[in-house]
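Below you'll find the structure, written out as C-alpha cells, and then a few comments.
Values in this text are rule-based calculations from the coordinates and carry no lab data. In this text, all values refer to a predicted model and were calculated from it rather than measured experimentally. Glycine also receives a Cβ, built like all others from the backbone with ideal geometry; neighbour counts cover every protein chain displayed.
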C-alpha cells in the first residue's frame, strides 16, 4: 500500500431492509480510523436507499448499481473501487451484521503477521440461545495456529465478515459472478487454498449476524435453487473426479431428502423447495447462471 492508499475498505452490500443496513452502519461509526473507508453499494434495489443513508452517514461512500449483481458481482464492484484507492485490504461485510470497530482493528492488526490469508472474526447468532455461528474454539478438533494465540485455521470461509488483503485478490482473482449468490465464497476459498492461501478465524474478537435476512429465512426455495445450481458448478470447476461425482450425488440426495417426505419424492413433489431444487439442476444443465429467473415457487 502506498502512503496515499487506504488501510481498509469495508464493503457493505445493501439489499433488503434499510433498517438492517442502518444498524450495521451505526455499529461501525464510533472511532473509525481516518485511513479506513466504508463503501456502501446499493445492489440494484431501485430505491433511494443510497441517498438516504449517505445523508445519515456523510462519511461513507455510496455507489448505486442499476441491476442486482448478487453477492459476487456487488462485492467485485467494491473490490474494483478499493483497488483504485490503493487499499491494503478489504472487509466484505454483510448488512445484517453488528460489527464493533474494535473487532476490525484487531483483525487488521494481526493480518500483516499471517498474510496472505483470508481472515474472519468469531460470529454469534443474533439470538443468544442459538450460540455461535463460527467459533472454532468450541471444536476440540481444531488447534490454534502456533505463535498466534486465538487464531485458528479453517477449511472454509464465511462471507458474513471476510477480511482479505488486496495482494490475495491479485493472486486468486475476484468472485465468479456466474454463481451470483450462495457458494461464491466457497469457490473463492478453493482457489485461495489451491494457491496455498489459508483461511483463519481470530477467535478473540466477535460480531453478531442476523443470518439470511435478505432471503427472509435461513432456508427458502430461492436459496435452495442457488445452492443446488451452484454446487453443480463448483463440482464442474474443482472436483470432476469419480469420488467428486459421488460426493456431489450424495449431497444432492441429502439436500433433496430434506425437502421430501420419502426418498426420491422430490423428483415429482410440488412442494416449492423440491421444485426449486429441480429448477437449479435444470438451469445448470442449460448453462443458465447469474441471477435466477423469477420462478413462481420462489414466492
Task: Antiparallel bridge percentage (DSSP; both residues within segment 103-200; nearest 5) - done: 75
- [ ] Between residue 247 and residue 299, take the C-beta separation as r, use R0 = 22 Å, and let me know the FRET efficiency to the nearest 0.05.
- [x] 0.10
Open item on the list: Using Cβ contacts closer than 10 Å as the measure, can you line up 235, 254 from fewest to most?
Closed with: 254, 235
Open item on the list: With bins 5 Å wide starting at 0, give me the P(r) of segment 221-298 over every alpha carbon pair, in whole percents.
Closed with: 3, 17, 27, 24, 19, 8, 2, 0
- [ ] Take 241, 204, 199 and order them by how many other Cβ atoms sit within 10 Å, fewest up front.
- [x] 241, 204, 199
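How high is the FRET efficiency from residue 291 to residue 148, r the C-beta distance, R0 41 Å, rounded to 0.05?
Numbers: r = 40 Å, r/R0 = 0.98.
It comes to 0.55.
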- [ ] Provide the percentage of antiparallel DSSP beta bridges, counting only those with both residues in the chain; round to the nearest 5.
- [x] 40
Task: segment 128-186: proportion of alpha-carbon pairs further apart than 15 angstrom, % - done: 66
- [ ] Whole number please: convex hull volume per residue, Cα atoms of the chain, in Å³.
- [x] 149
TODO: From the P(r) of segment 1-145, can you give the percent of Cα pairs sitting at distances over 24 Å?
DONE: 35
Task: Cα centroid of segment 164-204 to Cα centroid of segment 219-282, whole Å - done: 23
- [ ] For the chain, find the longest principal axis of its Cα atoms and tell me its angle to the long axis of helix 101-114, 0 to 90°, nearest 10.
- [x] 90
Open item on the list: With the crude spin-label approximation of a point 7 Å out along Cα→Cβ, what separation in nm comes out for residue 47 versus residue 83?
Closed with: 3.1
